[in-house]
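Below is one structure, written out as structure tokens; the observations come after it.
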Amino acid sequence: RYEPTWGSLDARPLPAWFDEAKFGVFIHWGVFSVPSFGSEWFWWYWQKEKREPYVKFMDTNYPPGFSYEDFGPLFTAEFFDPNQWADILKASGAKYVVLTSKHHEGFTLWGSKYSWNWNAVDVGPKRDLVAELATSVRNRTDLHFGLYHSLFEWFNPLFLEDATNAFNTSKFPTSKSLPELYEIVTKYQPEIIWSDGDGNAPDTYWNSTGFLAWLYNDSPVRDTVVTNDRWGAGSICAHGGFYTCSDRYNPGHLLPHKWENCMTIDRGSWGYRRDARLRDYLPIEDLVKQLAETVSCGGNLLMNIGPTHDGRIAVVFEERLRQVGSWLQVNGEAIYGTKPWRAQNDTVTPGVWYTFSPKEGKVNAIFLNWPVSGILELGEPRAKLGETQVKLAGYRELLKWVALGEKGMVIALPQLTPQQMPCQWGWTLQLTDVD
């Protein structure tokens with residue numbers, strides 16, 4: 001059994017499925033999807049920081065005295081079709097999904113008894129959005145279902161009172177935050193608890209170790225659940241399950257601890273923005289690059305989309321997800337279930353990232369630029385004459401190659417028309433019998 005101490009909890013082995021999955025989809029959805037302007041931090045930027053674009057947006061478009069709470073009934077989700085969402089998630093090639101069950105605004109996407117009249121069953125859609133998506137994902141896909149949960153809430157009076165008391169009182173975690181966590185685990189049995197938002201309070205205030213000890217020892221998901229590292233000030237990148245370290249974290253080198261790169265397709269926001277331009281969305285080439293870099297360095301990629309207030313996954317997000325899925329159909333063997341190789345990227349040719357498939361004993365070289373010459377030089381693999389074989393994922397015939405001294409090789413790529421290419425945006429060489 002695990003003790004409620006970081007020493008004991010940090011020693012828990014991470015369930016193997018998470019490292020093998022490599023790729024997940026993050027979904028930021030909530031009342032902030034109604035104004036869908038600027039950022040999912042809309043309420044904070046408007047009311048607390050009083051940033052000019054947000055104040056002006058409200059003055060121009062809403063009557064005087066309109067409060068953030070008034071957005072609640074406008075969060076309608078009339079087009080939310082959980083089966084359609086599940087089908088898009090499946091088509092993306094993702095192996096897990098993480099939904100914001102509650103963001104810093106405190107609005108819960110399930111009918112929480114600890115969030116009276118500020119939840120999706122009492123207000124707005126009048127539906128248990130968490131339950132509906134969980135059911136569809138489990139019925140229609142093999143994705144692991146996870147939930148994001150914000151520890152703190154910007155404007156909750158109990159939290160503000162505790163903060164004024166320098167967190168020597170703990171009214172908020174005992175009456176709101178912790179009961180919600182126990183509630184979502186018991187009710188929906190998520191296989192990921194993605195905690196966030198410590199409000200600058202230490203983990204002792206949140207009783208994070210107490211909750212995690214219960215989660216790992218006695219909860220219905222104790223054997224399969226994975227957690228992140230955001231459990232109080234000072235715990236990030238130091239304690240918990242996998243490390244997130246920061247948003248859009250992509251170190252570019254191997255880390256000793258399992259980590260995740262959570263990032264957004266929309267460069268500027270996690271929630272949906274009606275004011276986003278096409279150039280704000282990462283092109284598919286960038287997403288493939290992020291995936292290759294992240295996995296080669298031992299991380300998972302958690303790619304975020306923000307649905308609309310009426311429950312649609314905007315077509316630009318759907319297109320990106322389906323594009324990643326089509327790429328993974330060809331190159332998935334170089335991603336899923338792989339381990340980092342002795343080299344992460346190539347020393348001679350930029351834009352080449354390595355992964356290792358332990359079952360097949362294959363080294364995968366993912367290259368992001370197809371050389372004009374048709375010749376690809378790799379500085380890292382040590383090839384063996386008469387033994388090493390080189391294959392292009394999605395192409396049938398073996399490729400010709402020449403060794404370069406003790407280390408490195410030159411590979412002749414097939415001459416293909418764009419129509420004959422096995423995929424776009426990045427390709428995989430599978431090398432067998434190399435050191």
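The values are calculated or read from the model by the stated rules, or taken from the named source; none is laboratory data. Everything numeric here is computed off the predicted structure, so don't read it as measured data. Every residue, glycine as well, gets a Cβ built from its backbone with ideal geometry; the counts of neighbours run over all protein chains shown. These accessible areas exclude ligands, DNA and RNA; they are computed on the full protein's heavy atoms, side chains included. Shrake-Rupley method; radii C 1.70, N 1.55, O 1.52, S 1.80 Å.
Which of the aspartates and glutamates could a cross-linker bridge to residue 384, judged by Cα under 18 Å and excluding same-chain residues fewer than eight apart? The qualifying aspartates and glutamates are 360, 406, 433, 435. Peptides 39-48, 4-13 ordered by packing proxy, namely the average of other Cβ atoms within 10 Å per residue, highest first: 39-48, 4-13.
Evaluated at q = 0.10, 0.11, 0.19 Å⁻¹, the base-10 log of the normalised Debye intensity for the range 210-369, with identical point scatterers placed on the Cα atoms, takes the values -0.45, -0.55, -1.25. Of the residues 276, 287, 302, the one whose Cα sits farthest toward the positive end of the charge dipole of the range 200-304, with +1 on the Cβ of Lys and Arg and -1 on the Cβ of Asp and Glu, is 276.
With all protein chains in place and ligands, DNA and RNA left out, the 1.4 Å accessible area ranks 205, 2 as 2, 205, largest first.
The shape of the range 339-432 comes out rounded: with a ≥ b ≥ c from the C-alpha gyration tensor, a/c is under 1.5.
Just the protein heavy atoms count here, and of the accessible area of the chain at 1.4 Å, carbon and sulfur take up 51 percent.
Which FRET efficiency value, to the nearest 0.05, is calculated for residue 84 and residue 421 with the Förster distance at 25 angstrom and r the Cβ-Cβ distance? Here the calculated transfer efficiency is 0.25. Available extension along the chain between residue 67 and residue 3 is 18.6 nm, counting 0.36 nm per residue and deducting the alpha carbon span. Stokes-Einstein diffusion for the range 196-238, with the hydrodynamic radius set to the Kirkwood value over Cα pairs and evaluated at 37 °C in a medium of 0.692 mPa s, equals 302 µm²/s. Normalised per residue, the accessible area of the range 339-432 is 54 Å², obtained with a 1.4 Å probe and no contribution from ligands, DNA or RNA. Loop-resident GluC sites (Glu not before Pro) (DSSP state other than H, G, I, E or B) in the range 351-424 with no more than 16 further Cβ atoms inside 10 Å of their Cβ: 360, 387, 397, 406.
Think of each Lys and Arg Cβ as +1 and each Asp and Glu Cβ as -1; about the Cα centre, that makes the dipole of the range 339-432 roughly 260 debye.
Per residue, the range 257-314 exposes an accessible area of 30 Å² to a 1.4 Å probe, with every protein chain left in place.
Accessible surface calculations at 1.4 Å, restricted to protein heavy atoms, place the range 25-169 at 40 Å² per residue. Each Lys and Arg Cβ is given +1 and each Asp and Glu Cβ -1; about its Cα centre, the chain then shows a dipole of about 640 debye. Separation of the alpha carbons by more than 27 angstrom is noted, of 56/176; 90/176; 56/113; 90/289; 289/339; 22/391, for 56/176; 90/176; 56/113.
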